[in-house]
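Undergrad: Quick one: structure below, then a few questions.
Nothing in this text is a laboratory measurement; each read-out follows from the coordinates by a stated rule. Only a predicted model underlies this, so the values are computations on that prediction, with no experimental measurement involved. Neighbour counts run over all protein chains shown; Cβ positions are idealised from the backbone, glycine included.
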Amino acid sequence: MARPDKAATVADLKGQFSGSAAVVLTEYRGLRVKDLKELRRGILEILGAEPLAKIEYLELVDPDTFSPPGTLAVMAVWIGNTRLIDNADLAQPFPG
């Protein structure tokens, strides 16, 4: 995709996602490290907007090596006195 086309696509997606409470990626191919860092910042922003949430860690790592960058979101978040630990492979379709 040509650079102007990418910019237009990103602007369109940004407009669609700006009012969303959450976004789930099901296709990651073609994302650069910069894109993955932006995705991580977006996830942190969404979690940070929850008043009861205290983020312990959030990383996007390679599913095979657990080294960043990658498409496996691994996180621990406190909600009050409860610690939630989860991971989600953003390269896989969202169940449901």
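Undergrad: Taking the alpha-carbon distance from K6 and a cut-off under 14 Å, which aspartates and glutamates remain once sequence neighbours fewer than 8 residues away in the same chain are dropped?
TA: K6 reaches D35.
Undergrad: Another question, then. Can you tell which of V61, W78, G48 lies farthest toward the positive end of the dipole of segment 23-89, using +1 and -1 charges on the Cβ of basic and acidic side chains (Lys, Arg; Asp, Glu)?
TA: G48
Undergrad: Moving to a separate point now. Set the Förster distance to 30 Å, then compute FRET efficiency between I85 and K34 from the Cβ-Cβ distance, nearest 0.05.
TA: Between I85 and K34 the formula returns 0.65.
Undergrad: Want the number for A76 to Y57: 0.36 nm per residue separation, take away the alpha-carbon distance, what's left?
TA: Once the chain is fully extended between A76 and Y57, it gains 6.3 nm.
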